[in-house]
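Asker: Here it is, the structure, as structure tokens.
The values are calculated or read from the model by the stated rules, or taken from the named source; none is laboratory data. Predicted, not measured: the structure shown is a model, and the values here were computed from it. Reconstructed Cβ throughout: ideal geometry from the backbone, glycine too, with neighbour counts over all protein chains shown.
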Amino acid sequence: MRIRLTDIAEHAGTSISTVSRVMNGKPGVADDVRQRVLAAMDLLGYERPKQTRGRAAGLVGLVVPELSNPIFPAFAQSVENVLAMHGYTPLLCTQSPGGTTEDAYIDALIDHQVAGIVFVSGLHADTRAHHGRYHDLATRGVPMVLVNGYAPDVPAPSISADDAAGVELALRHLVSLGHRRIGLVVGQDRFVPAQRKTAAFLRCLVAMGLAADEAEARTHVITSFYSLEGGQASTTELLASGHTAVVCASDMMALGAVRAASAAGHDVPHGLSVVGYDDSLLAAYAHPALTTVRQPVDAMSQAAVSTLLAQIGGERVSRTEMLFAPELVARHSTGTAP
């Protein structure tokens, strides 16, 4: 037991006596220190004593798309971590083609009397989808937050990455490397993030002198699915028309772009430069490591939970969109234009 206490204290950066107080549920420990000790216990694989678990503040629904795209598990884990720090238990609802619908999940969450719901890239991001489900939740007084997919008609706060700024960062990086024929591989135009990426790409290509007008710029855009196969097929088409660089709307698409280049006998980055989007876990471990636009997942998750908890607490919150600045992470998939 002595060794275990020492282990936990070392990881938490505190004293053994403090660890003991936390484990025995005694007062006199600052909240941030208590959280560090509990996190150290989780990290080391020790089951928390019952007296440290406390009473859950309530349930919160977390609705995300399928988990095959690594960015969505990243959001799920980050949001869940923040909720847990505030004493809430997350109910994770993941969608997949042909599986449980968003409406069915909403009904189930209401049945479980959740305190609120966080929607990540849900139907709110689909401009062709009916948003009545969200209006119904608002009428019922259920607090909610929308992440990545601003819907101005939905009476709820929205948290988004600044997709336009992200595309501009990627283009400026590629232009600085001498690229003049740059393509964009993006998702279906019905979704808000895809619309924003495309609009920014068209505008920047004209502003940077890479296209005479937006009509010409649009010839450099290929619409596909957010998948490895979608990125591969689209990049094959762009390579055939002489593009030396491609900006992809997700890291999965970017991996497909790398595969397309290899299949066509092009080396990445010497024959084709590839920029991904998200900076998901796989980006740094790809071969070559992906240059990508990083979504500030943790900051966005913190804001989403804070906004939700404010609503749960009865506070009035802004219904406008909060945009978070992305960051370009330059690795090995981009290089000087051939």
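Asker: Out of the residues in the stretch 158-186 that are under 23 Å from residue 315 (Cα atoms) and crowded, with 22+ Cβ neighbours inside 10 Å, which is nearest to the chain's Cα centre (by Cα)?
Answerer: 159
Asker: Now, a different point. Which one of these is more than 19 Å from the chain's Cα centre (by Cα), outside the structural domain of residue 198 (by TED's automatic domain parsing) and β-branched (Val, Ile, Thr): 244, 236, 307, 336?
Answerer: Being more than 19 Å from the chain's Cα centre (by Cα), outside the structural domain of residue 198 (by TED's automatic domain parsing) and β-branched (Val, Ile, Thr) holds for just one of 244, 236, 307, 336, which is 336.
Asker: Scan the stretch 123-180 residue by residue and report those that are assigned by TED's automatic domain parsing to the domain that holds residue 62 and at positive phi.
Answerer: Within the stretch 123-180, 141, 148, 149 meet the criteria.
Asker: Filter the stretch 99-144 down to residues that are exposed (fewer than 15 other Cβ atoms within 10 Å of the Cβ) and closer than 21 Å to residue 71 by Cα and give me whichever is modelled with the lowest pLDDT.
Answerer: 99
Asker: Sticking with this one: In the list 179, 173, which residue meets the criterion of being in contact (Cβ under 8 Å) with a residue 40 or more places away in the chain, closer than 30 Å to residue 331 by Cα and assigned to a loop (DSSP other than H, G, I, E, B)?
Answerer: The match here is 179.
Asker: Still on this structure, please answer the following. Residues of the stretch 9-33 being in a helix (DSSP H, G or I), within 19 Å of residue 81 (Cβ to Cβ) and modelled with pLDDT of 80 or more, which ones?
Answerer: Selection gives 11, 12, 22, 33.
Asker: When the residues of the stretch 59-98 are filtered to those that are of a type in the set (S, T, N, Q) and closer than 27 Å to residue 293 by Cα, which remaining residue is surrounded by the fewest Cβ atoms within 10 Å (Cβ to Cβ)?
Answerer: That would be 96.
Asker: Would you mind listing the strands (runs of 3 or more DSSP E) fully within the stretch 230-330 where at least 2 residues are among the hydrophobic types (A, V, I, L, M, F, W, C)?
Answerer: Passing ranges, in order: 245-248, 273-278, 321-324, 327-329.
Asker: Could you go through the stretch 187-197 and let me know if any residue there is surrounded by fewer than 17 Cβ atoms within 10 Å (Cβ to Cβ) and over 18 Å from the mean Cα position of the chain (by Cα).
Answerer: Within the stretch 187-197, one or more residues are surrounded by fewer than 17 Cβ atoms within 10 Å (Cβ to Cβ) and over 18 Å from the mean Cα position of the chain (by Cα).
Asker: Kindly indicate whether any position in the stretch 196-204 is assigned by TED's automatic domain parsing to the domain that holds residue 280, outside any helix (DSSP H, G or I) and closer than 16 Å to residue 164 by Cα.
Answerer: Within the stretch 196-204, not a single residue is assigned by TED's automatic domain parsing to the domain that holds residue 280, outside any helix (DSSP H, G or I) and closer than 16 Å to residue 164 by Cα.
Asker: Criterion first (among the polar types (S, T, N, Q), within 18 Å of residue 275 (Cα to Cα) and surrounded by 23 or more Cβ atoms within 10 Å (Cβ to Cβ)) does residue 234 satisfy it?
Answerer: yes
Asker: Just the residues that are aliphatic (A, V, I, L, M) and either within 20 Å of the chain's Cα centre (by Cα) or in a helix (DSSP H, G or I) (or both), please, taken from the stretch 87-126.
Answerer: 91, 92, 104, 106, 108, 109, 110, 117, 118, 120, 123, 125
Asker: Check the stretch 229-244 and report whether any residue there is of a type in the set (A, V, I, L, M) and under 17 Å from residue 328 (Cα atoms).
Answerer: Checked against the condition, which is being of a type in the set (A, V, I, L, M) and under 17 Å from residue 328 (Cα atoms), the stretch 229-244 yields no hits at all.
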